[in-house]
Structures are given as C-alpha cells and as structure tokens.
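To start, the structure under review is shown below, and the notes come after it.
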Amino acid sequence: MKQKVKACLTILMLLASIFPFVSVQAEETDPIYERIQQSGELVVGLSADYGPYEFHAEVDGKDKIVGFDVSIAEKIAKDMGVKLKIEELGFDALLGALKTGKIDMVISGMSITEERLKEVDFSDPYYIVKQKVLVRKDDAEKFKSTADFNGIPVGAQKQTTQEDLAKNEMTGSEVTSLQKVPDLINNLINQKIDAVVLEEPIAEAYVQQSDNVAIAPVEFEQGEKVTAIAISKNTPVLKQHVNESIAEINDQDLLDGYLKDANKLMFQEDQTFFQKYLPYYLSGAKYTILLAFVGVLFGMIVGSLLALMKLSKNKLLRFLAIAYIEYVRGTPLLVQIFIVYFGTGVLGLDLSKLVAGCIAVSLNSGAYVAEIVRAGINAVNKGQTEAARSLGMNQKEAMRYIVFPQAIKNILPALGNEFVTIIKESSVVSVIGVSELIFQTGVVQGASFKPFLPYVIVSLIYFVMTFCISRLLGLAERRLGVND
Ligand code: ARG
C-alpha cells in the first residue's frame, strides 16, 4: 500500500516538473493585484514634468495632472473596475517607490532597459519613441552627428535613457544630469550647456513653446526606445490585466486620440501667467508654512527631550542623545527624508508623503533645537538652581519652574531662526512629492514651459515669508524684553 502511494507521488512530481505551467496557471492572483482590488484603488506613480506624457494643466478651473500616460492609467483603472490615484514623484524616485510598495505601477514614459529589468517587470510596450537633441537655435547648424559633441556640455534628465545616450553615444561630451526637464532647458537657454537629449514629443513641445530652441539633425544608434508600464516582479495577474488594456489601446489606436487631447491641454493660452499659476504658489506656500510650523513645534518637543537627556546624569541617556544629535546633524536632510519615507514603507507602515515629510523635518529640527535648548539651560545662572533648591524644591521642580522658563526666554531668538531655517530647508521634501513651494515651482515650470521665471517668483515668495517672520520675532523679543 505504502509503495503504491509512493509511486503515485513520484509520478505526480514528474508530471509537475514536465508541465511547469500547471503551477503558474494555478496562481490566480497576486498580492499587488489583490491589494488593488481590496482597496478599490490603483496607485500610479509618475513624474509630471513631461508634457505631453504627463504634466499639470488647468481643467475646469482646477489643477489636474493630465497627458496621454494619464489617459492610459485611467483606462487600466477602468478596465480593472477600480478608481485611479496618481502619486507624483521625481522620475529618479519612481522605481524605489514601486519596489517599496508605495505605488502599484509606474506609467511615466518609462523605457524598458536591461538594468531596470533586473529590478522590476514591464508590461507590453505602448509607445515607440525617437531620441532627439535640443539645442539653441543659433547652434542648429553646428551639430550634425553624435561625434560633434566632443568637449561639449550636454544635459539629460537624471536616471533616464537619455542620460545613458549622452554618456555612451556622444563621445567626449561633458554630461550634466538634473532631476527636472525644465531645469535642463533653463541651462540650455542660459548657455550653461549646449544641448539636451530629449524624447521627440517633449523636444517638439519646447520648440513650439520657445523661440530660441531647435532640434538638431543628430541621429543616435540606439535612437529608438520602447515605452512600457513598470510593475513589480512576480505579479502575473496584474501584468495580464495591464497587457489586456494595452492590447486594446494598440488595436483600437486609442493613443492617437490621447495624444491629441494632451496637445490641446498643453498649449491652451487664455490667461496671463499670474492668473494661471498664482494658485499653485499659494497652495505651495500653505504646505511650506505647515511643514515649518509642525517642524518647529515637534522639533521643540523632541529637542527639549534630547537636551534633558544630554544633561542627565545617566550615561546611557546621554550617549543616546549625543549619538542622535551627531547623526542627524552629520547627514543631509535629503537622505533623512528618503530614509523616513521609504524606510517606513519597508517596515510596513504606510505613511503619506506629507506625514513622512513632517516627521523627517521634525526629527531633523529636533537635533538642532536640542543644542539650542541645552545652551539655553546652561546659560541660566547656577545660582538660580541653588536658590530654588534652598527654597525646598527638588532638582526636577527647580528645572521645571525656575530654569526652564528662563531658558525658553533666552533661546527665543534662536528658535525664531530655526523657524526661518526650516521654511527654507523644507524645500527638500519636494523630492518625495510633498507639494510645497519648490515642488509647485517645478509644476509651474513644467506646465508653462517657462524654465526661469518661476524661480524668480518663488524666491520672492520665500523672501517675503522669511522677512515677515523675522520682523514678527523681533517684535516679540522686544515685548519680552520690556517685561523684564
Ligand atoms: N523614457 C526615458 C526613460 O525611461 C525618460 C522618461 C522620463 N519621464 C518623465 N516623466 N520625466 O528613462
């Protein structure tokens, strides 16, 4: 009997190894697809600096991310019977977000490359696109082939196939990689670089929009790239659904219509620059102030705790506080933001961009405030503690009722400076897509195809904000001074 069972099992195992697809077919669902169905929401990541693929435009008086990639995303969501949610990130942050589960797929004009295939999977292609070189109009005759760029400064978007082309095919060129396309155009127009490698539709949009750029007749060897949707590995069901939608788009030639819609939105010109883009700046300023406010408030709580730990007699507490403060002050805020945002994702916590940004800024500010508070406490005359103790207060009470209030008053100017600093520094959280001022500046650049003016405007806004706050703080200080 036993032997019979054994024989049966062996046969089964043999069969299974001969027909591997049996086990694949049994896989009727995958974790990502299940999550999408359960939440009823498809989260698509993109970098909206790339008209006509994806960019910001005003639709019925409201800001929206539009473009033919968005139309594709809408179709896929509809075919899957779920709602679409768009997450906007820098192009170089998209694959990280996909791998840590922040987004379900990337639809961002992303080309299939060997390197990316090591990390993620791709759908069937939906668009084949030519690679072009944008130059200043005066130089249009100067560059005819990739060999003409020896010693020439050339720009490309960070971590894109254009960056690879510039490095590999434009031999001898000096490549500058930036995160945002509008910044590249800015550099080109202002003669910091002499050429930008772009995909054809984007290059053409800039030619239409600006009088001083042109497309050079340069051909690349690897000049055609295949655009597809990036998804996580081992998600067969999701992939099948995505491919079905793409097949329909290709069979019914839907992309043409999507492109026409995008082009119409890209070049609508009925309002002045300010009418059109002021709302972006206002909403950005709101987030910047919120970040600074939360940052200083929680920074003060964290900072006071750290300061007390650092002043405590307990060696361990002291060590922890010193380690934290040194670590935070010794690493860039940019890195801390990525660690909080993606790190919490790895730990299974699903923080929103704004919450992650607030936490990172607060933790960072805490380290600086700790030093301010400690200096403030140390500056309170020792006699104060001694007098309090001799009145019968214990150490804690003396700290709480006598030393701390005086310390706070001493450090108010320094805290005010910290507030001003955070207003400026919080601009870094734009990298994870929190829509504060710098982020919105990028949006305005992308939507207006004006690379420079938005920076001038945002600098003025920052200046007005920090200047007003410094004045207010000065006033408060003088008031407190009078109280003395
Ligand atoms: N196709 C290029 C790549 O995959 C560039 C895509 C850039 N996309 C964007 N939304 N900025 O590298």
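Placing unit charges on each Cβ (+1 for Lys and Arg, -1 for Asp and Glu) gives the chain a dipole about its Cα centre, and among Val207, Gly303, Ala360 the Cα reaching farthest toward its positive end belongs to Gly303. An oblate overall shape is assigned to the chain, the ratio a/c of its alpha-carbon gyration tensor axes (a ≥ b ≥ c) being 1.5 or greater and a/b not exceeding b/c. Phi angles of the stretch 141-148 translate, via the Karplus equation with coefficients 6.51, -1.76, 1.60 and θ = phi - 60°, into HN-Hα couplings of 7, 6, 9, 10, 8, 4, 6, 7 Hz per residue; Gly and Pro are given as x.
From most to least packed by mean Cβ count within 10 Å, the peptides 192-203, 106-117, 460-471 give 192-203, 106-117, 460-471. In this structure the amide hydrogen of Leu84, modeled in the peptide plane, comes within under 5 Å of the amide hydrogens of Leu42, none closer than 5 places in sequence on its chain.
Bridges between two residues of the chain, per DSSP, are antiparallel at a rate of about 60%. Going down the list Lys75/Lys225; Lys99/Lys450; Lys130/Lys180; Lys64/Lys450, which pairs span over 25 Å between their C-alpha atoms? Cα-Cα > 25 Å for Lys99/Lys450; rest within. The overall shape of the stretch 143-272, judged from the alpha-carbon gyration tensor, is oblate: a/c is not under 1.5, and a/b is no greater than b/c.
Dipole of the chain computed with +1 at Lys/Arg Cβ and -1 at Asp/Glu Cβ about the Cα centre; of Val373, Ile152, Tyr401, farthest Cα towards the positive end is Tyr401. Under a model in which nothing but the beta-carbon of Lys, Arg (+1) and Asp, Glu (-1) is charged, the chain shows a dipole of about 3040 debye around its Cα centre.
Listed cross-link partners Lys132/Lys276; Lys62/Lys424; Lys62/Lys264; Lys78/Lys286; Lys118/Lys158; Lys102/Lys276 are compared with a 23 Å cut-off, the Cα-Cα value being larger for Lys132/Lys276; Lys62/Lys424; Lys78/Lys286; Lys102/Lys276. Modelled this way, with points 7 Å down the Cα-to-C-beta line, the labels at Leu480 and Glu219 are 7.1 nm from one another. For the stretch 277-381, a crude dipole built from +1 on the beta carbon of Lys and Arg and -1 on the beta carbon of Asp and Glu, taken about the Cα centre, is about 300 debye to the nearest 20. Amide H to amide H distances under 5 Å link Lys132 with Leu198, Glu199, Glu200, where only residues 5 or more positions off or on other chains count and H is placed in the peptide plane. Over all other residues within a Cβ to Cβ distance under 13 Å of Gly40, the charged ones net out to +1, with Lys and Arg as +1 and Asp and Glu as -1. Check every DSSP H run in the chain and write down those whose alpha carbon atoms cover 27 angstrom or more along the long axis and whose mean Kyte-Doolittle hydropathy is 0.5 or greater. In the chain, the long hydrophobic H runs are 273-311, 353-379, 453-483. Rounded to the nearest whole Hz, the Karplus-based 3J(HN,Hα) values (6.51 cos²θ - 1.76 cosθ + 1.60, θ = phi - 60°) of the stretch 48-53 follow the sequence 7, 10, 9, x, x, 5, with x at glycine and proline. Each part gets one Cα centre, and for the stretch 145-174 versus the stretch 407-475 those centres are 34 Å apart.
Only helices enter this figure: runs of n ≥ 4 DSSP H residues, each worth -39500 (n - 2.57), summed and divided by the residues of the chain, yield -19000 deg cm²/dmol at 222 nm to the nearest 500.
The alpha-carbon of Lys192 sits under 13 angstrom from the alpha-carbons of these aspartates and glutamates, leaving out residues fewer than 8 places away in its chain: Glu174, Asp183. Bridgeable lysines around Lys315 (alpha carbons under 21 Å apart, same-chain partners fewer than 8 residues away excluded): Lys396. Basic side chains Lys and Arg get +1 at the Cβ, acidic Asp and Glu get -1 at the Cβ, and with that the dipole of the stretch 143-243 about its Cα centre reaches some 500 debye. Under the shape rule built on the C-alpha gyration tensor, where the axes satisfy a ≥ b ≥ c, the stretch 224-360 is oblate, since a/c reaches at least 1.5 while a/b does not exceed b/c.
Values in this text are rule-based calculations from the coordinates and carry no lab data. As the structure is a prediction and not an experimental result, all values here were calculated from the model. Backbone-built Cβ (ideal geometry, glycine too); neighbour counts: all protein chains shown.
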